[in-house]
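The structure under discussion appears below in the form of structure tokens.
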Amino acid sequence: MAMRLRTILFTLALLAMVSITVSGFYYVFSLRESEMEVARRRAVVHTEIIRNQLEGFLSENLRPVRALAGLPEVQRALAVPDPGSIAQANYILDLFRDALDVDVVYLLDRHGLTIASSNRNFPDSFVGENFAFRPYFREAMQGNPSKYLALGMTSHKRGAYYSHPVFAEDVDDPQGVVVIKAPISLMEKNIIQSSSDGITLLAGPYGVIFSSNQPGWLFGSLNPLSSREVEALRQSRQFGDGPWPWVGLAALDQDRLEDHRSHRRYYMHSRELESYPGWRVIHLQDLQQTGESVFQPLVRTTGLLVLAICALAGAAVYHLYRKARAEIMRRQRVERELRQSEERYRTLYHHTPAMLHSIDPEGRLVSVSDYWCEALGYRAEEVIGHHLAEFLAPQSRPDLLDRNQPLFFRTGLLRDVSYSFVKKSGEVVEVLLSAIAERDAQGGIVRSLAVLLDITQRNRMERELRRAQEQLSQYSKDLERQVAERTREVTSFLAYTPAVVYLKDRQGRYLLVNSRFSDLLGQGQDQVRGRCDAEIFPPDLARQFQDNDGQVLASGQPRQFEEVIEQSDGPHVYLSSKFPVQDEDGTAAAIWSVSLDITELKRAQESLRRLSGMILASQEKERTAIARELHDELGQVLTALRMDAVWLQRWLEGRDQDQAARRAQAMCQLIDRTITEVRSIATRLRPAVLDDLGLVDALEWHTSDFEKRTGVRVRFSHQDVPELKGLAAISTYRVAQEALTNVARHARASRVEVTLVARQGWLELRVADDGRGFSPTGTGENGGAGVGWGLAGMRERAGLLGGHLSIDSTPGRGTTLVLRLPLSAEEGDKP
């Protein structure tokens with residue numbers, strides 16, 4: 001019985017052991033299939049997340065490059081590539097580079113040559129480089145914006161290229177291409193290399209690996225390349241000059257690959273980038289790691305099974321318990337890794353510098369990123385469960401409810417949809433929304449993943465740009481109207497002015513003449529235009545015009561000339577005002593001339609000059625006659641009267657008439673003073689020393705007499721003055737006399753310097769005082785030399801002799817009067 005019981009127990013134990021063993025094997029293989037399914041799902045989810053993030057990252061510069069292509073500074077640099085327009089374009093490119101935080105922004109002309117670049121000052125400058133071979137250039141020159149991933153030929157840096165054609169106004173064909181090159185380092189670090197669960201690749205045409213968290217695989221190929229494919233890659237230069245070695249992956253079936261070098265096997269899942277045809281995101285899940293987590297316990301179980309066959313069923317059960325416990329711990333480890341992966345996804349979701357949200361099929365928000373909450377001013381708990389339309393501006397809600405939301409849950413995709421969100425503060429934020437769908441196992445859409453870009457500032461800039469363009473257009477119309485008005489006015493002036501008006505270029509060729517010019521010469525504008533003076537006028541007259549025009553062009557300043565032109569009734573004098581027309585560099589490029597016939601005015605001036613000369617000569621004769629009469633007649637009478645007064649004084653003193661004698665003595669003194677004053681008046685009217693000894697002695701006597709009469713110190717000096725008589729000497733003396741008189745009356749000076757010098761055919765008289773000065777433009781009694789009839793008389797005397805008189809005075813700093821006469825005037829009329 002005991003034997004039977006032992007047999008039954010042994011049999012039961014053996015059956016239990018076999019059952020447990022079979023169950024264990026079935027459980028292990030079930031776990032293996034479950035693990036493979038988990039690995040597949042994780043690879044699919046990971047690939048989708050990476051692909052969506054790459055799609056968002058690689059499309060973020062499409063809008064900026066289109067805005068950049070529409071700027072007038074960029075268009076102007078292509079239309080007129082001068083240094084000024086290139087500098088403005090470089091400034092705009094620098095602004096976009098700094099604002100977008102990209103590698104480089106550059107401008108290509110229609111031949112692919114780089115004419116402006118934000119890296120122009122760096123060793124790897126693109127300026128002068130030709131990128132006509134790049135597909136993004138060829139596509140943009142067809143009128144289409146383009147995106148491109150490649151290795152830079154100049155910088156040797158990987159980047160994402162965004163190009164857009166640049167059109168000129170009223171021109172259908174592109175005039176050039178503007179390109180933004182963004183670095184992929186941030187994308188690679190935050191998206192590709194952040195994946196620690198398996199191997200993530202970004203592969204381009206022919207399977208060349210452009211980015212990977214396996215550094216050794218960079219620019220390797222997923223498949224062995226044929227010579228034709230290698231040549232095609234070299235021709236495209238998209239991934240440098242090669243080589244592109246095979247990384248050793250070979251396909252086992254549709255979803256599995258084997259590395260021939262390490263003999264590791266991988267589960268592969270790939271998705272194409274919709275916006276970059278030919279590019280794929282590939283995720284490789286290491287099957288060996290997955291298998292080890294399943295088969296290592298199996299090996300231990302098999303060993304325990306061999307021991308269990310030789311041991312009691314209880315030991316087998318115990319070891320199966322250990323296996324179950326190990327499996328539980330492994331599951332816990334797998335779950336922990338899955339939670340860590342979800343945490344990384346959540347961290348990326350909340351810390352991406354873009355507004356992210358998800359809605360369910362009813363349009364209710366199920367998740368929002370931290371940046372979304374920060375941008376709109378809400379807390380997450382305030383928005384979760386609410387309909388998305390509640391946060392839109394009224395004008396955007398119909399687009400969401402009636403069109404975009406049904407369209408999305410039907411197609412699973414939205415791109416670049418404009419919405420206006422209302423922040424918690426009430427401020428409106430304009431965004432650009434793109435969304436993809438998350439589907440369940442049956443393919444149904446369960447929620448969205450939307451990325452929102454804040455374009456408020458960009459739209460504001462675009463509106464400001466449109467407003468500026470409208471203002472510029474209005475300004476251009478106003479300017480055209482003003483130009484038309486000025487043109488009519490100038491045309492009327494040229495047609496009806498009595499002046500002779502012409503315009504010449506720098507070579508002296510006539511560009512424009514008015515009707516008065518044509519009447520004067522008897523030649524119309526068509527006959528004169530393009531000809532020079534030597535072809536129209538006599539040699540002397542042509543030389544006169546050329547010399548005067550040459551002075552204006554050389555100095556770059558307006559000038560006036562008196563030009564004599566022979567006409568049918570004799571020579572005519574024209575006062576010509578000539579002024580240059582300057583170009584952008586400030587160089588005189590042409591010359592205008594306006595000439596008025598002043599022949600009659602010159603004749604009147606000459607008659608007036610003669611009359612003034614006669615008047616001054618007559619005045620000097622009258623002064624001489626009066627001085628002679630005062631000296632000879634009145635002086636003799638006063639002398640006789642003094643003699644009688646002296647006799648009377650003595651007679652009265654002899655008869656003790658003291659009071660009468662004193663009165664007679666007073667009469668004598670009065671008579672003496674009168675005689676002295678009469679002599680002084682006669683001398684001032686016509687000093688005899690001027691006629692007897694000349695101008696220098698006369699001025700020396702007059703300054704000494706002035707110092708005695710006024711107490712003002714006077715210093716007189718002269719140098720190389722020839723013997724002068726006649727009108728030049730008289731005029732110089734009279735000017736000095738009038739200047740000193742004004743000093744005594746108005747200047748309140750303590751010192752005066754009078755200088756007379758002769759140099760280079762001119763006589764120069766200078767009278768300078770240290771008085772209170774005056775403003776030469778004013779009138780009154782504040783001047784050293786005065787401003788009034790005395791100054792007019794001095795200028796008239798200077799003008800009669802062909803000289804000129806100038807006054808330099810500043811209030812509080814004294815006055816300087818300078819008279820300059822030609823020495824030839826001494827030979828002119830004499831009084």
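The values are calculated or read from the model by the stated rules, or taken from the named source; none is laboratory data. Since we're looking at a predicted model, the values are computed, not measured. Here the Cβ positions follow ideal geometry from the backbone for every residue, glycine too, while neighbour counts run over all protein chains shown. Side chains included, ligands, DNA and RNA excluded: accessible areas come from the protein's heavy atoms. Shrake-Rupley method; radii C 1.70, N 1.55, O 1.52, S 1.80 Å.
Tabulated data
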{"read-out": "Where a residue in segment 342-370 is under 13 Å from ALA450 (Cα atoms) and outside any helix (DSSP H, G or I) and its partner, wherever it lies, is modelled with pLDDT under 90 and open to solvent by 80 Å² or more (accessible area, probe 1.4 Å), with Cβ under 6 Å and at least six apart", "value": "MET355/TYR371"}
{"read-out": "One residue from GLU274, GLU231 being among the acidic types (Asp, Glu), at pLDDT 80 or above and exposed (fewer than 15 other Cβ atoms within 10 Å of the Cβ)", "value": "GLU231"}
{"read-out": "Test: residue in segment 256-263 that is open to solvent by 40 Å² or more (accessible area, probe 1.4 Å) and among the small types (Gly, Ala, Ser)", "value": "yes"}
{"read-out": "Among (1) over 25 Å from LEU68 (Cα atoms); (2) in a strand (DSSP E or B), the one test that ALA441 misses", "value": "(2)"}
{"read-out": "From the options VAL483, VAL552, VAL501, VAL564, residue that is outside any strand (DSSP E or B), under 20 Å from ILE591 (Cβ atoms) and either in contact with a Ser or Thr (Cβ under 8 Å, 6 or more places away or on another chain) or among the hydrophobic types (A, V, I, L, M, F, W, C) (or both)", "value": "VAL552"}
{"read-out": "Breaking point among (1) surrounded by 15 or more Cβ atoms within 10 Å (Cβ to Cβ); (2) out of contact with any helix residue (DSSP H, G or I) (no Cβ under 9 Å at 6 or more places or on another chain); (3) on the phi < 0 side of the Ramachandran plot; (4) not in a strand (DSSP E or B), for PHE219", "value": "(3)"}
{"read-out": "Which listed residue is modelled with pLDDT under 65, open to solvent by 30 Å² or more (accessible area, probe 1.4 Å) and not in a strand (DSSP E or B), from SER607, SER612", "value": "SER607"}
{"read-out": "Looking only at segment 444-465, and only at residues there that are outside any helix (DSSP H, G or I) and within 22 Å of GLY70 (Cα to Cα), the one that is least open to solvent (accessible area, probe 1.4 Å)", "value": "ILE455"}
{"read-out": "Evaluation of GLN340 against (1) out of contact with any helix residue (DSSP H, G or I) (no Cβ under 6 Å at 6 or more places or on another chain); (2) of a type in the set (S, T, N, Q); (3) open to solvent by less than 60 Å² (accessible area, probe 1.4 Å) (one fails), failing number", "value": "(3)"}
{"read-out": "Total residues in segment 377-393, condition within 25 Å of ILE445 (Cβ to Cβ) and in contact (Cβ under 8 Å) with a residue 12 or more places away in the chain", "value": "10"}
{"read-out": "Any hit, segment 545-564, residues being open to solvent by less than 40 Å² (accessible area, probe 1.4 Å), of a type in the set (D, E, K, R) and in contact (Cβ under 8 Å) with a residue 40 or more places away in the chain", "value": "yes"}
{"read-out": "Selection from segment 159-191 of residues that are of a type in the set (D, E, K, R), open to solvent by 10 Å² or more (accessible area, probe 1.4 Å) and within 23 Å of GLY112 (Cβ to Cβ)", "value": "GLU169, ASP172, ASP173"}
{"read-out": "Residue check for PHE517: more than 25 Å from ASP569 (Cβ to Cβ) and at pLDDT below 80", "value": "no"}
{"read-out": "Qualifying residue in segment 128-144 (condition: among the hydrophobic types (A, V, I, L, M, F, W, C), buried (at least 21 other Cβ atoms within 10 Å of the Cβ), without any contact (Cβ under 8 Å) to a residue 60 or more places away in the chain and farther than 24 Å from GLY204 by Cα)", "value": "no"}
{"read-out": "Hits in segment 384-419 - residues which are touching a helix residue (DSSP H, G or I) at 6+ places or on another chain (Cβ under 9 Å) and of a type in the set (Gly, Ala, Ser)", "value": "ALA389, SER396, SER418"}
{"read-out": "Some residue of segment 644-652 being at pLDDT 80 or above and either within 30 Å of ALA758 (Cα to Cα) or crowded, with 17+ Cβ neighbours inside 10 Å (or both)", "value": "no"}
{"read-out": "Selection count where residues are in contact with a Leu (Cβ under 7 Å, 6 or more places away or on another chain), open to solvent by 60 Å² or more (accessible area, probe 1.4 Å) and of a type outside the set (Ser, Thr, Tyr), scope segment 408-438", "value": "3"}
{"read-out": "Matching entry among GLY84, GLY112, GLY70 (being touching a Phe, Trp or Tyr at 6+ places or on another chain (Cβ under 6 Å) and more than 30 Å from LEU201 (Cα to Cα))", "value": "GLY112"}
